[in-house]
Each structure stands twice: as structure tokens, then as C-alpha cells.
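Reading through the C-alpha cells given below for one structure.
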Amino acid sequence: MNFFLAGLCILITGGLMAWLLRRESVGLIGAIMGPLMALLAPIQAWRHGKALSISMPWNVPYGSFFLEIDALSAFFLAPILAISALGALYGFEYLIPYRNKRNLRSVWFFYNILVASMMIVVTAKNGILFLTAWETMALASFFLVIFEAERPETLNAGWSYLIASHMGTACLLVLFIWLGRLNGTLDFNGFGVAGAREAGFMFLLAVLGFGIKAGFFPLHVWLPEAHPAAPSHVSALMSGVMVKTGIYGLLQVYLLLGPGPAWWGWLLISIGALSGLFGALFALAQHDLKRLLAYSSVENIGIIALGLGLGMLGRTLNDPFLATLGFCGGLLHVLNHGLFKSLLFLSAGAVVHVTGTRDMERLGGLIKRIPWTAALFLLGAMAISGLPPLNGFVSEFLILLGAFRGISSLSPQVVAASATSIASLALIGGLAIACFIRAFGVSFLGEPRAKRAQGAHEVRWPMLFPMVVLAAGCLMVGIGSPWLDRPLTLVVAAISGQQSGQFLADSIPSLLSLTMLGTGFLVLVALLAGFRIWLLHGRPVEEALTWDCGYARPSSRMQYTASSFAQPLMNFFAAITGSTTRFKPLDRFYPVAAEFTTATPDIARTRLFDPVFRKVRHALMKLRWIQHGHPQLYVLYIAITLLTLFLWKLG
Amino acid sequence: MSSWIELAVLFLILSNFALLGASRVTTLIQVAAGQGILLGLLPLLAHAKQGNLRLIAVALIAGLLKGVIFPVMLGRALREANIRREVEPFVGYSLSLILGVFALACSFWIASRLPATALFLSRKALPAAFSTILTGFFMIVARRKALTQVLGYLVLENGIYLFSISLGQKIPFAVELGVLLDVFVAVFVMGIAMFHINREFDHLDVGQLSALKD
Amino acid sequence: MSVPSLVHMAIAMITAPLIFGIINRTKSLFGGREGPPLLQQYFDIAKLLQKGTVYSRTTSWVFRAGPVIGLACVLIALALLPLGPLPALCSFPGDFIVMIGLLAVMRFFTMLAAIDAGSSFEGMGASREATFSALAEPALFLCFAAISQKAASLSLSDMFLRHSGDATHGSAPAPALLAVALFVVFLAENARIPVDDPNTHLELTMIHEVMALDYGGPDLAFIFYASALKLWILGALVVNVVLSGIESAWAVLAGLFFLAIIVGAVESTMARLKLLRVPQLLIGAGALAMLTLIVAMG
């Protein structure tokens, strides 16, 4: 625990000093040393197999400074720490072009505060402490999102993030106060079990409150606005680990409430399937590389929710295999998504760094200009598409394995849930593959579509190194999954409330086979590549134009664009995504102009939130008369409020 | 014998999917006709041993009406109205198929929740009946042409018929016959109406009838 | 690791290109032509392996890696495939998920390589392949769900052995429906009519052929061989479902050749579907698989 506290101190001091001394490097050192130091704490917790905790009194009523690193916390804490340290190194290099234009010390201050608050969020075991850290996290990330505040869309993104975030906090506030009133304490270990009805409402509140942060569909609308707006290393941190604090919170509340009725599982499964499907579809429709990645976070959160939902259902219906494999797959996907989404955001950031644009339609051919970044992005794309032998496949494999086991269960409910999950996971997987082939293919392959993309040069090592580490992580989890069973067993045992060790052990042979096949695959690829080189040795290997069915002068404008690549799928799903096409065809023999536009606005925004907010605003406009602009009247309001409160309480 | 009934019920379910996925109106009519003939055969398969004359007669009449007379009438209306396929339905064919799967799953769930009755035909007849009824409703709601909607009405009736025969003697065949007569009249009237609408407006698009609402 | 499994892998690796020969021979018989020799695919591959190659200046290492990775994927997938009573070389719960995953990796690189050539034709092929495979995936998974439910097993080798073992689920039509669904997926994944026309090389209708447009020499040989093996793998799944419980590997082998004849017959008698109708076909296949699942439950 000392390591944790020391790390926290280093981090916060670094942030403060960066602010006060106006030295970014101090912030950088704090942001790297702090998390690395604190990383020893979860490792310690795993080695000893028991929770580390510290509790100090705090002079806030009902508050206490109660931190505990148990299995669940350790599992979420480790990726947060590792990825923040890597992100800091990357960020230092990434921010250099902004050096004379903007106030960078505030970036370091808020970055360090964000990391520190996330550390406390996943370890706090007291309601007040938790909510304080939660709010700090939201505010720190808000200031990082509006880094480029002079752009109106950035500011808009920041506002919608702030509003969404506070709506979530409101739900959580109600939840914790309710729990506190029932139990007379706000320490998590003092929360007893509530009645079934109350527990149901509390679970709903938690799904709402934490779901906004996690980006559950349709509460995700802020996410694709805010994540891309931030500097890329912050996007990586937000998408890679910060959204997972929502998942952590949900699981923590699930732990407090105990196994609920079956509808809890069903709720998460449906949210998961919807988030996955819509996340993947909207990701497919984006042109902005970072926005695409943000939508794909919604999709992956959907996969996580599916896994957790299956786990909850399995626990409720006493199906230990389903419970274990569902939770296990969902949790492993939390880790995996942290790895590959950070990798993707960092490499997308490198693209922005060297080309100055995020618009895929202006990129292309980057694999020859920035080969390392391209290779790393490709690896991340494979991992996020759930392809073997990388890590994304392993977690989806575990969820699918659980669902396929559920298919031959005797309970019709389990079979229905399993079949739904299998079908939606398969569809989500197929869409994710299409989406990332498009992202990688259009941005990195072929010929450059615009001038800026031609003159790009590879980024320097401080940006490459974090990406390499993350990529290595993706490969290692993909190949070495059987060796992750210890942390996984610990955390799954905690959540599924049973001796899950044996059920997980049951799938270890499958995971070992994955290791074997993955290694075999890599060896075979190497052998075949050698065979090909041997075959071509001494033979003529020429270079020419792309054949293109005999067309003699192909130009980069003739390549398939990102929109045209996605068109068949968007067309097919237009009924549910509401994408629209405007088309003015060529006319006459010498056509003057033609036009083709497609648009896929977020339906959650256009069909749900916009109308609701418009109605609310309309209703609130009726209260405009309260607002006069005379300060005296405001003082009168305060006095009246005070008086009423006195009357109500004392009268 | 029972495996034949199972097979027939399975084909009924499959024909529902075909109705949801097909776009050509002639195909729809043919599938509906096949469904009618299957429904006519079902009671015969179930009661062949008893040789109950009244039952066999009713089944034959039903099969004849559903499998031959209605389709022929609709085919004639089709020729007169000169439509070949359902263009731009309210709900696309792929989505219709997916909804069909959901409807089938729901039907099995509903059937499992109903109080256990003496299962007359097969355990799957009741869910098949529900899914046929739902398919009929869906066709009426989600398709544009009046003719397809009449077909939906027919399919709905097929479902009710299957429901009644799968419950065995609980619902007297007289009631069923009455329903059959209703449908007969309805199809007749609609055929005439369609003929007239077509002659007046030169199309059979129900969506455009809403222009008459004021 | 057993000797019979190795033998069956060897048989697959040797005879896979023959399947193309049978399909083409069937088609030429239907067309009243003599047609190419049965071993044409072998000749093509042998010839291509002896050639040099030409690359487009636009392409990068992804283009060169595509065929190699594709071949590696199918070879590993082949090690997971049982043939009737012969178990796979490597068998474990969930092996079919890995098999589907490996085929997805193959597709992934084929599509990337196509985009790498920077031509609109190949981009179009990749886009269509991405669309159809995204919709074929759920159908394939649901087929496996139905099979694994019936066999109460999660490894391919067990599934097809035990498949007909228990008579409690003995309703005959279910495997037939499944086989139809799998057959549709098989046709779509292998780019056959009615989804794609393997004969046309310059039409805008094509999907798979167009993605290999810029390849030549050993790379093209790799692609031909890999697609032959892919056809073998998915075909063997269809045949295994139809003939499940039959205790002879020879019967399954004969079934595969018969499947090739059926494919040839389908190709000679049917037209390619309109592109907009293909998704519906795939959804229909998924619906059939789901139907078997539901009916087996009820």
C-alpha cells in the first residue's frame, strides 16, 4: 500500500510543480514515476493473494479515507497505471508543436490529476471519497478535452461531456445516499443487502450513472464528441481506461448488491448487443479517424457488457460455466480493450502529428512514409477486430465459449441469452473487421489522397516506444493467455461468488491450444515467407503500375474512398441507423455539376436527446421571468430559500 | 405418423419465412396456397385412423378453399391489377426475416407458458400456429400493396385454423367453419374492392390511401 | 496427434485442387463442352510457382504478405478439421471458433492487400467481401450453435461423431435445414454462384476474383491453393453435417466430391443473384440455423 500512496504523492506533486514552476518536464517525470511506483501495489496484491488496504479518518461527515486494493481494484488499477505512464511519455513528444501556442503546464497538471483521481476511483471504498474522486476525474478530463478551446466544436464537445458526466453523477449521488441512509455508513464494507425491489432500483441507477461514463448505448452521445477532441494521449487514456471506470463502478455496485434477478443479466446483454451493433455501425460511418476509434469504444464496451451480462445471468441461474466464462471474457476484454484502443489512439495521434489531419479521405499511402506507425496500427486493428493470435480474440473466445456452453443448457432462458449473444457477437465481429480494414486500408495503404499525406515522416522514439510496448502487450496476451489465469481467477471468484477456479481451469486446455496454434501460426507464416523468398530468388521481380484492368493512368483520386467502402453495409443497415443519401445525378450531355452526399448522424442524439432537450428547454423558458439581472432580487431569493428551509425543518 | 406431422409443421414454419422473405407476389400466392394445402392435410394425417367422416369433410373443404380457391381468385385479381412485385415495403425483407425469427422464438415462449392442454397434433403445432398468426399480422402491417395485405389476412386465418386444430376437439369445427366463411366473404369483397380501386386510381398502393383522410 | 489425422491432412492438401477440377468438369458437361482436364488447377499452380512476378509500385509489404498469411491461416485451420470419424490433428473445446477466426484473418489480409493496390476495382471487391462476410459470420456461428446443441459438445471432432448418436432429437428435417444453411454460407464464403461468379474476371459483379487481380507468379499460386483448401474445409463441414455418424472417412471423401458436383450443377443452372439480394440470402441462412435451434428446444 505504501507504494500506492507514494506513487499518488509523486503524481500529484509532479502535477502541482509543473503548474507552479512552469516546467513541463516535472509534470512528465511525475506522470511516469508515480504510476510506475504505484504499479508495484497491484503486483504485490496478486503475489500475496489478499487485499491491501488503508483507512484514515477524514473530517468530512460520513467520509473516510478508506482505500483498498482487492482483486477487482487490482485488475482495473494495473492497466490504468501502465497506460498512463506510457501516455505521458508519448504526450511529451506529441505536445511539442503546441509549445509556444498554448499553456502546456496546465495540461500536465490536469493529466496528473486525472491519473491520480482514476487511481482513487478504482480503490476507494467509501462513498464520499469515491464520488469526490469521480467528480475530480470528470473535471480534470473536461479541462483536457477543451485543450483546443478556440475551436467551437471542441468547446461543444466539452460542454456535452460535462453535462452528460453530471447527469451520471446525479444518479450516483442518489444511489450512494440511498445506500448510506439504509445502512448508516458510507463505507462500502458497511453496506448491507437491501430489499429485492430496492436493489433493483439501485442497480438501474448504477447502470444509468456508470453507463454514461462507460458509454452504453444510447447514453454514449458525449463519447464520440469528447474523446477525439482531446490531445491523442489523453484520448488514449480516456478511451482506453477511463471509460472502464464505469464498468468498474457497475461491478463494484453489483458486488455490494449481490446477485440479483435474471433481468439484470438480460438488461446488460441487451445493452451490450445494442451498444456493440450501433457502435460498430457508426464507427463504420465515420471519416474522422479518431471519431471512428471513439465509436469503436462504444462497440467494445458493448462486448464487455455482453460478457458481464452473461456472467450475471449465469450466476443468477446457477450456471457456473456461463458465469465464470462470461465474467472472465468480459473482464479480460476490459484489459484488452485498454491495450489495443490506447495503441490505436496513439498511432492515430501519430498520423495527426505528421499529417495534420484526421480526415481519412485526405490520407492514404502512409505505410511507406511512416512504416512503424503503420505496422503498429495494423497490429492494433487486428487485435480490435478479434482476430487470432492477438488478444482481442482471446476475450471474445472466452465469451463465445461460455455462450456455446449455454446453448446446450436445459434452461430456455440461458439458451435464448446465449443464442442472442452468439449472433450479436458474430455480427459485431464482422462489422468491426469491415470497419478496421477500412480505417487501416484507406489511411495507410494505396496512394496519398492529399498533399499533406505525401510529405510525412516517421515520428521519433518517445512516441514510438509506448506504442511498441502496447503492441507487445497485445501479442503477449494473445499468445500467453493461460498465464493470466491467476489475476483472472481471483477477480472472477470475487464477482461470481463461487469457487470459479475449477471452471476456469476447465478452459485452460483451450487457452493452451490457442497458445500452441498462435505460435504455430507465426512459425508457419515465417516458413512460408521464407519459401516465397526462396522461390523468387534469382527470378525477375518487376515493378509496374497497378494493372487496374488495363487502365493506363490510374490516379490517387480513383481509389476506393472510405465512404464508398462502407456504402454497401451502410445501405443495408440504413433502416436502423437512419443514414441518408442525397444524390444529384449527372444530366445532359455536358453535365455541369453532380453531387453525392451521405450522412449518418447519431440516432441517439437526433432521435432521443435532441427532442428531449428541446422540450426541456422549452419548459424551462417559462421560468425566464425569475432571471432579471438585478442582484438585489437574487439576494432576496437566497433569503426566501433560507427562511423556507427554516420553516420546513423547525416549524 | 407423428414424424409426418412434425415435418408438415416444420414446413408450415418454413413457409412463414418464405412469406416474409419473398418479394414476388406470385411467389407469395403460391406459398400461401401451399400452406393451405398443408393445413388441409394436417387433420387427415392426425385422424386417419379414426376415419371420422365429418372431420375429413371439413378438412377437405378447408384445404380446397385455402389451397385452391383463394389462390386462384387472388391470382386472377393479380392479373387484372397487373402488379408483379411488392416494391418498397414498409419493412425491408431482411429485417422481416429477423423479426420472423424473433416472432418464432416468442411463439415458442408463449406456447410454453400456456396451460398444458392435451396436445393433439405435436408440441410444435401450437407455436407454429402463433408464428403463422404473427406472420399474417406482420404482412398486413408491413406491406404496401392491398393484395399482399389480403394475403396477410389469409395467412392470419391459416394460423387461427392451425391453432384450433392443434387444440383438438376443444374448439368446435363449426366455429372454424364460420371463420372460414368470413374469410371467404372478405376475400371476395376485397377482390372486388381492389378491382375497383385499381380501375379508379391505376395502382394498389395502400400508403396513398392516407391522402384521403381529411 | 495421431497418424490417421496426419494422413487425412495430407489427403486434403493433395486433393483439394481436384475439387475445382470436378466443379469445372461438371459445368462443362452441363454446357455440352469437353472442358479443362480434371487436374487443371494443379497445372496452373505448378506453372505459377515457376514464374517470376510483377508488383505494382503502389503496393507495400501488406500486399506481399497477403497470400503468405492466407495460406498459413488455412493450413492451421486444416489441422482443426475432422473428417468423419477421423479426429482433427488438434481438437479442444471451442476449436471451431478458432477455425472461423483463422478464416477471418485470411479474409482480413486478402481485403487489405486488395486495397493496397490502390485501384477502384479491387477496393470494390474488398468492400463487397467485407459486407457479405460480415453478414455470413452470424449465420455460420448460428449453424455451429445448432450443431453443438445437438451434439452437446464444443469440439469439432466430437460434434460430428456424436451428432447422430442420440436418437432423442431424432427429428430428421433438422440436419437437412442446417445443411442448407451451411451450404449457403459455404457458397458465399467461397465466392461461388449465386453470390459471386468465379468465371468473370472483368465484370463489376465480381467479389473474390477481383481482389487477386494484381497478383502473379508464386503469390497467385499461393492464393489458388489457399482458396482450394478453404473450399475443402468449409465443404467438409457441410458434408460432415449431412453424413454425421457415418463411420467411414471414405464416405465423407466421396461426399466432398459429390458436393463439388452439386456446386457445379448449381452454377450451371442458376444465375448470380442481384447484389442487393445477397444479404437477404445470408440472413435467410442465419434464420434457418436459428429455426433449427428453436425447434430443437421446443
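When residue A:400 is tested against (1) more than 10 Å from every other protein chain (Cβ to nearest Cβ); (2) assigned to a helix (DSSP H, G or I), exactly one condition is not met: (1). Of the residues in the stretch A:43-64, at least one is free of Cβ contacts under 8 Å to residues at least 40 places away in the same chain, within 27 Å of residue A:214 (Cβ to Cβ) and open to solvent by 70 Å² or more (accessible area, probe 1.4 Å).
In the stretch C:248-298, which residues are farther than 20 Å from residue A:424 by Cβ, hydrophobic (A, V, I, L, M, F, W, C), within 14 Å of chain B (Cβ to nearest Cβ) and surrounded by fewer than 19 Cβ atoms within 10 Å (Cβ to Cβ)?
Selection gives C:273, C:275, C:276, C:296.
Could you tell me whether residue C:92 is assigned to a loop (DSSP other than H, G, I, E, B) and aromatic (Phe, Trp, Tyr)? It is true that residue C:92 is assigned to a loop (DSSP other than H, G, I, E, B) and aromatic (Phe, Trp, Tyr).
Using the structure shown, decide if residue A:518 is in contact with a helix residue (DSSP H, G or I) (Cβ under 7 Å, 6 or more places away or on another chain), more than 8 Å from chain C (Cβ to nearest Cβ), more than 29 Å from residue A:428 (Cα to Cα) and in contact (Cβ under 8 Å) with a residue 24 or more places away in the chain.
Against the criterion (in contact with a helix residue (DSSP H, G or I) (Cβ under 7 Å, 6 or more places away or on another chain), more than 8 Å from chain C (Cβ to nearest Cβ), more than 29 Å from residue A:428 (Cα to Cα) and in contact (Cβ under 8 Å) with a residue 24 or more places away in the chain), residue A:518 does not qualify.
In the set (1) farther than 27 Å from residue A:476 by Cα; (2) open to solvent by less than 20 Å² (accessible area, probe 1.4 Å); (3) facing another protein chain (nearest Cβ under 7 Å); (4) not small (Gly, Ala, Ser), residue A:414 fails one condition alone, (3).
Restricting attention to the stretch A:346-384, the residues being β-branched (Val, Ile, Thr) and in contact with a Gly (Cβ under 7 Å, 6 or more places away or on another chain) number 1.
Would you confirm whether any residue within the stretch A:247-259 is part of a loop (DSSP other than H, G, I, E, B) and of a type outside the set (Lys, Arg)? Looking for residues that are part of a loop (DSSP other than H, G, I, E, B) and of a type outside the set (Lys, Arg), one finds at least one in the stretch A:247-259, hence yes.
Considering A:216, A:191, the condition of being within 28 Å of residue A:440 (Cα to Cα) and of a type in the set (Phe, Trp, Tyr) is satisfied by A:216 alone. For the stretch A:368-386, the set of residues classified as at the interface with another protein chain (Cβ under 10 Å from one of its Cβ atoms), touching a Phe, Trp or Tyr at 6+ places or on another chain (Cβ under 6 Å) and surrounded by 24 or more Cβ atoms within 10 Å (Cβ to Cβ) consists of A:374, A:381, A:385, A:386, listed by residue number. For the stretch A:345-365, state whether one or more residues are at the interface with chain C (Cβ under 10 Å from one of its Cβ atoms) and open to solvent by less than 10 Å² (accessible area, probe 1.4 Å). Yes, that holds for at least one residue. The numbered conditions (1) modelled with pLDDT of 95 or more; (2) open to solvent by 10 Å² or more (accessible area, probe 1.4 Å) are all true for residue A:300 except (2).
Candidates in the stretch C:68-83 are the residues that are more than 8 Å from chain A (Cβ to nearest Cβ) and not in a loop (DSSP other than H, G, I, E, B); of these, the one that is modelled with the lowest pLDDT is C:83.
Is it true that some residue in the stretch A:534-543 is at pLDDT 90 or above, more than 7 Å from chain C (Cβ to nearest Cβ) and part of a helix (DSSP H, G or I)? Yes: the stretch A:534-543 contains one or more residues that are at pLDDT 90 or above, more than 7 Å from chain C (Cβ to nearest Cβ) and part of a helix (DSSP H, G or I). Criterion applied to C:127, C:120, C:91 was being surrounded by fewer than 24 Cβ atoms within 10 Å (Cβ to Cβ) and within 20 Å of residue C:66 (Cβ to Cβ), and the one residue passing it is C:120. Picking from residues in the stretch C:149-160 that are more than 16 Å from residue C:81 (Cβ to Cβ) and facing chain A (nearest Cβ under 7 Å), the one that is modelled with the lowest pLDDT is C:152. Looking only at the stretch A:418-439, residues that are in contact with a Leu (Cβ under 7 Å, 6 or more places away or on another chain) and among the polar types (S, T, N, Q) come to 2 in all. Regarding residue C:132, is this residue within 7 Å of another protein chain (Cβ to nearest Cβ), closer than 19 Å to residue C:233 by Cβ, open to solvent by 10 Å² or more (accessible area, probe 1.4 Å) and assigned to a helix (DSSP H, G or I)? Taking the combined requirement at face value, the residue does not satisfy it. Taking the listed residues A:329, A:364, A:311, A:380, the one that is part of a helix (DSSP H, G or I) and closer than 28 Å to residue A:91 by Cα is A:380, with no other qualifying. For the stretch A:214-228, the tally of residues that are in a helix (DSSP H, G or I), open to solvent by less than 10 Å² (accessible area, probe 1.4 Å) and within 20 Å of residue A:135 (Cα to Cα) stands at 4. Can you find, within the stretch A:544-570, the residue that is nearest to the other protein chains (Cβ to nearest Cβ) among those that are among the small types (Gly, Ala, Ser) and more than 30 Å from residue A:428 (Cβ to Cβ)? By that ranking, first place goes to A:544.
Screening the stretch A:571-593 for residues that are buried (at least 20 other Cβ atoms within 10 Å of the Cβ) and in contact (Cβ under 8 Å) with a residue 60 or more places away in the chain and picking the one that is farthest from the other protein chains (Cβ to nearest Cβ) gives A:579. Within the stretch A:423-455, the set of residues being part of a loop (DSSP other than H, G, I, E, B), of a type in the set (Gly, Ala, Ser) and within 14 Å of chain C (Cβ to nearest Cβ) comprises A:446 only.
Give the stretch A:553-570 a look and list any residue that's in a loop (DSSP other than H, G, I, E, B) and open to solvent by 70 Å² or more (accessible area, probe 1.4 Å), or say none. Give the steps one after another, and end with the answer.
Step one: list which residues in the stretch A:553-570 are in a loop (DSSP other than H, G, I, E, B), which gives A:553-555, A:559-561.
A:553, the sole residue that qualifies.
Of (1) in contact with a Gly (Cβ under 9 Å, 6 or more places away or on another chain); (2) over 30 Å from residue A:367 (Cβ atoms); (3) among the hydrophobic types (A, V, I, L, M, F, W, C), residue C:43 satisfies all except one. Which? It is condition (1) that residue C:43 fails. Listed by first and then second residue, the pairs with beta-carbon distance under 9 Å, at least 6 apart or on different chains, first residue in the stretch C:271-296 and on the phi < 0 side of the Ramachandran plot and charged (D, E, K, R), second open to solvent by 10 Å² or more (accessible area, probe 1.4 Å) and assigned to a helix (DSSP H, G or I), are C:277/B:93. Residue count for the stretch A:454-483 satisfying the condition of being of a type outside the set (Val, Ile, Thr) and either free of Cβ contacts under 8 Å to residues at least 24 places away in the same chain or open to solvent by 40 Å² or more (accessible area, probe 1.4 Å) (or both): 11. Residues that are more than 19 Å from the chain's Cα centre (by Cα) and open to solvent by 30 Å² or more (accessible area, probe 1.4 Å) do occur in the stretch A:130-138, at least one of them.
The values are calculated or read from the model by the stated rules, or taken from the named source; none is laboratory data. From a predicted model like this one, the values you see are computed outputs, not experimental measurements. Note: ideal-geometry Cβ built from the backbone for every residue, glycine included; neighbour counts use all protein chains shown. Surface accessibility is based on the protein's heavy atoms, side chains included, excluding ligands, DNA and RNA. Shrake-Rupley method; radii C 1.70, N 1.55, O 1.52, S 1.80 Å.
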